[in-house]
Amino acid sequence: MDEVLQALTIFQNLVLPPQPCLDESQAAGSCLVCRARYNRRTDQPHRKGHAMPAAPFVAHLDVTKTLIAIVLTALMAIGGLIFAWNARTNAQSAGWNSDTLVPLGIGVALFFVMATVSFKSYTTYQKGRSGPIVRIDQNGIFDARLGPKTIPWEAIGGAEIVDVSNAKLIGTADNENSRPKVMEVQLTVTNAAEYMGNNGVLETAAKGLSAATGYDRINLRADGLDTRPEAILSAIQSHMSNVQQ
């Protein structure tokens, strides 16, 4: 008999438009449509308060920008080397003194810095060919340019967008508004040096200095990537909200 009633109920729900039950006791009865509605309604309080996990955020390499940076910095390194060579020739003919050694030092420094930046850009280009450069997910923040470690959310105290250009030469309002700005996302990280790479002299020196002074900031750059600092910060804040809940 029960099987017949159930079959009739299913037939009614298929042929006729479903009608709402009159009371809660009917909702828990034999009407399949209303029983489903009742179950959904009673399940809602259990799901309330559990936020959906934020979708992973990834930023890939902008190949065009990176290749341009590699070429430009390589050209500047070559220019520094040529300048240093000419300064050395002048020093040999005019005598080794402070007037001839300063241009030589400038040329050598320019070559060293630009060659290092060009090599770093090429390394980033190589990493970008195999996967995303920046990934933000439930595990934390990963930046292939920093190193192989993911910064866990437990170590991150906050994030903000800062101007790291330091291009202000004259303290006037007009200059402040017109000067170019370089915006990056700055993280406050416990034991920041632990998550910094040590490939190359500059990175090793920066990591050692950070560890020695207790500096707790790590910057995430958006230049050379297919994203903006605002998008990175938004993803960080979204995931931090879920972790705190």
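Computed values, structure above
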read-out: Qualifying residue in region 12-29 (condition: at pLDDT below 85, buried (at least 17 other Cβ atoms within 10 Å of the Cβ) and not hydroxyl-bearing (Ser, Thr, Tyr)); value: yes
read-out: Residues located in region 100-148, provided they are in a loop (DSSP other than H, G, I, E, B) and in contact with a strand residue (DSSP E or B) (Cβ under 8 Å, 6 or more places away or on another chain); value: Arg129, Pro132, Ile133, Ala144, Leu146
read-out: Scope region 54-86; condition more than 30 Å from Arg135 (Cα to Cα), out of contact with any Ser or Thr (no Cβ under 7 Å at 6 or more places or on another chain) and small (Gly, Ala, Ser); matching residues; value: Gly79, Gly80, Ala84
read-out: Qualifying positions in region 118-138 - β-branched (Val, Ile, Thr) and surrounded by fewer than 18 Cβ atoms within 10 Å (Cβ to Cβ); value: Thr123
read-out: Test for Asn177: is it under 28 Å from Gly147 (Cα atoms), polar (S, T, N, Q) and modelled with pLDDT of 55 or more; value: no
read-out: Those residues of region 116-154 which are modelled with pLDDT of 90 or more and more than 18 Å from His60 (Cα to Cα), in sequence order; value: Gln138, Asn139, Ile151, Pro152, Trp153, Glu154
read-out: In region 73-99, residue surrounded by the fewest Cβ atoms within 10 Å (Cβ to Cβ) [restricted to those that are among the aromatic types (Phe, Trp, Tyr) and in a helix (DSSP H, G or I)]; value: Trp85
read-out: Flag for Gly157 being over 24 Å from Val71 (Cα atoms) and either modelled with pLDDT of 80 or more or not in a helix (DSSP H, G or I) (or both); value: yes
read-out: Yes/no for Ser234 being modelled with pLDDT under 90 and among the small types (Gly, Ala, Ser); value: no
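The values are calculated or read from the model by the stated rules, or taken from the named source; none is laboratory data. Source: prediction; values computed, not measured. In this analysis, Cβ positions are derived from the backbone assuming ideal geometry, glycine residues included, and neighbour counts consider all displayed protein chains.
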